[in-house]
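A.B. asks: Have a look at this one before I ask anything.
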Amino acid sequence: MIGGVRDSWNRSVQRAEQLAAEHEATRPLLVFYAQLLGLQRESYDTLRNVHLSGSLERDLKAVRPCASKILNGVSAIGPPLIIEEITELVAEGEPAIDQMLLDWWRTLAANQFFPKVILQPYAQRLTELSRRPVDRELYVTDYRCPFCAGPPQLSMLQGGGELEGGGRALLCATCLTTWPFRRVRCASCGEENERRLAYFHSPAFDHLRVDACDTCRRYLKTVDLTRLGIAVPLVDEVAGAPLDVWARENGYEKIELNLVGL
Ligand SMILES: [Zn+2]
Ligand SMILES: [Zn+2]
């Protein structure tokens with residue numbers, strides 16, 4: 001990643017703040033997301049200064065303080081429902097939080113807000129150390145992250161049609177690794193029949209589109225960096241929330257929800 005991982009957290013926070021200032025309709029989502037990214041950046045900074053083994057069970061000692069900081073932080077800014085869940089989780093105590101993190105880490109089950117927000121910086125730090133997760137099975141397919149076997153959060157177009165994947169890449173929802181992926185292909189079931197693949201684009205978001213599949217009825221959003229080079233895919237994906245509404249109304253289910261729950 002250009003400029004290193006630390007810079008990528010900074011760029012994400014700044015982009016979320018910038019988009020929050022520009023887009024009134026999605027401002028509350030983007031303000032919340034900017035704050036989440038700030039908390040995650042703090043976790044990342046903490047994890048940079050400790051030894052990590054790649055076994056979450058052994059690394060829990062280092063991850064726990066990050067988890068409680070994030071839970072505290074989110075309970076100060078989150079919507080009431082999330083605050084309620086944090087209160088319950090904290091009341092159950094440390095073993096319950098450990099178990100939640102370990103369960104998710106072993107399965108990467110879709111759409112789990114707390115373990116995902118807590119473990120994204122950990123997973124990303126592991127990628128930086130080239131230390132692959134060692135305490136779980138990694139079923140890597142080409143629609144799964146080559147580093148951690150996580151599902152994709154989004155797809156992106158980077159130009160350079162001569163590159164592998166025709167300039168398209170998927171971005172991992174867990175460790176934020178990117179990997180090349182064929183342009184005309186469903187990122188959930190691998191469908192390649194163009195007539196089964198639908199695209200939805202709105203003039204309001206020139207650099208975003210929905211890539212949906214009529215075979216498995218799943219979708220994700222694509223961020224086109226050839227149209228807007230300053231976009232930060234993880235953040236611009238969140239800003240395109242109205243496209244998620246369109247996709248849901250048309251009966252498509254997202255492969256993996258983002259951290260604002262869309
Ligand atoms: Zn990954
Ligand atoms: Zn599909």
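A.B. asks: Given the options Leu39, Leu60, name the one that is of a type in the set (A, V, I, L, M), in a helix (DSSP H, G or I) and either at pLDDT below 95 or closer than 24 Å to Tyr139 by Cα (or both).
C.D. replies: Values: Leu39 fails: either at pLDDT below 95 or closer than 24 Å to Tyr139 by Cα (or both).
Within the list Leu39, Leu60, the selection yields Leu60.
A.B. asks: When region 103-130 is examined, which residues are found to be at negative phi and hydroxyl-bearing (Ser, Thr, Tyr)?
C.D. replies: Listed by number, the residues that qualify are Thr107, Tyr122, Thr127.
A.B. asks: Now for a separate question. For the subset of region 1-13 comprising residues that are of a type in the set (A, V, I, L, M) and in a helix (DSSP H, G or I), which member is modelled with the lowest pLDDT? So that I can check it myself, show each step before the final result.
C.D. replies: Of region 1-13, the ones of a type in the set (A, V, I, L, M) are 1-2, 5, 13.
With in a helix (DSSP H, G or I) added as a condition, the list becomes 5, 13.
On the way: Val5: 85, Val13: 97.
Among those residues, the one meeting the criterion is Val5.
A.B. asks: Show me the strands (runs of 3 or more DSSP E) found entirely inside region 188-241 where at least 3 residues are over 19 Å from Asn111 (Cβ atoms). Working first, answer last.
C.D. replies: Numbers: elements: 197-200, 208-213, 218-224.
The strands (runs of 3 or more DSSP E) meeting that bar are 197-200, 218-224.
Here's the yes/no breakdown for (1) exposed (fewer than 14 other Cβ atoms within 10 Å of the Cβ); (2) of a type in the set (A, V, I, L, M, F, W, C); (3) in a loop (DSSP other than H, G, I, E, B):
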{"site": "Arg15", "(1), (2), (3)": "no, no, no"}
{"site": "Ala25", "(1), (2), (3)": "yes, yes, yes"}
{"site": "Leu47", "(1), (2), (3)": "no, yes, no"}
{"site": "Arg64", "(1), (2), (3)": "no, no, no"}
{"site": "Leu71", "(1), (2), (3)": "no, yes, no"}
{"site": "Ala76", "(1), (2), (3)": "yes, yes, no"}
{"site": "Glu84", "(1), (2), (3)": "yes, no, no"}
{"site": "Ile97", "(1), (2), (3)": "no, yes, no"}
{"site": "Asp103", "(1), (2), (3)": "yes, no, no"}
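A.B. asks: Output yes when any residue across region 105-114 is touching a residue at least 40 places away in the same chain (Cβ under 8 Å), within 15 Å of ligand 1 (Cβ to nearest atom) and surrounded by fewer than 22 Cβ atoms within 10 Å (Cβ to Cβ), and no when none is.
C.D. replies: Within region 105-114, one or more residues are touching a residue at least 40 places away in the same chain (Cβ under 8 Å), within 15 Å of ligand 1 (Cβ to nearest atom) and surrounded by fewer than 22 Cβ atoms within 10 Å (Cβ to Cβ).
A.B. asks: Follow-up. Between a residue in region 18-40 that is among the basic types (Lys, Arg) and any residue that is crowded, with 19+ Cβ neighbours inside 10 Å, which pairs come within a Cβ distance under 8 Å, given they are 6 or more apart or on different chains?
C.D. replies: Arg27/Ala20
A.B. asks: I want to confirm something. Restricting to region 209-242 and keeping residues that are in contact (Cβ under 8 Å) with a residue 60 or more places away in the chain and polar (S, T, N, Q), which single residue is nearest to ligand 2 (Cβ to nearest atom)?
C.D. replies: Ranking the qualifying residues of region 209-242, first place goes to Thr222.
A.B. asks: Tell me yes or no: at least one residue of region 136-151 is at pLDDT 95 or above, surrounded by fewer than 18 Cβ atoms within 10 Å (Cβ to Cβ) and of a type in the set (Lys, Arg).
C.D. replies: No, region 136-151 has no match at all.
A.B. asks: Continuing with this model, one more query. I need every pair where a residue in region 142-160 that is without any contact (Cβ under 8 Å) to a residue 40 or more places away in the chain has its Cβ under 6 Å from the Cβ of a residue that is part of a loop (DSSP other than H, G, I, E, B) and more than 15 Å from ligand 2 (Cβ to nearest atom), sequence separation at least 6 or different chains.
C.D. replies: What qualifies is Cys145/Thr177; Pro146/Val140; Phe147/Cys175; Phe147/Thr177.
A.B. asks: Hey, another quick one. Tell me the residue from Gln99, Gln124 that is within 16 Å of the chain's Cα centre (by Cα) and within 18 Å of Ser55 (Cβ to Cβ), please. Can you show your working first?
C.D. replies: Numbers: Gln99 fails: within 16 Å of the chain's Cα centre (by Cα).
One residue alone meets the criteria, Gln124.
A.B. asks: For region 184-208, name all the residues that are surrounded by fewer than 16 Cβ atoms within 10 Å (Cβ to Cβ), polar (S, T, N, Q) and touching a residue at least 24 places away in the same chain (Cβ under 8 Å).
C.D. replies: Matches in region 184-208: Ser202 only.
The values are calculated or read from the model by the stated rules, or taken from the named source; none is laboratory data. Quick caveat, the model's predicted, so the values are computed rather than measured. Cβ: placed from backbone, ideal geometry, glycine included. Neighbour counts: every protein chain shown.
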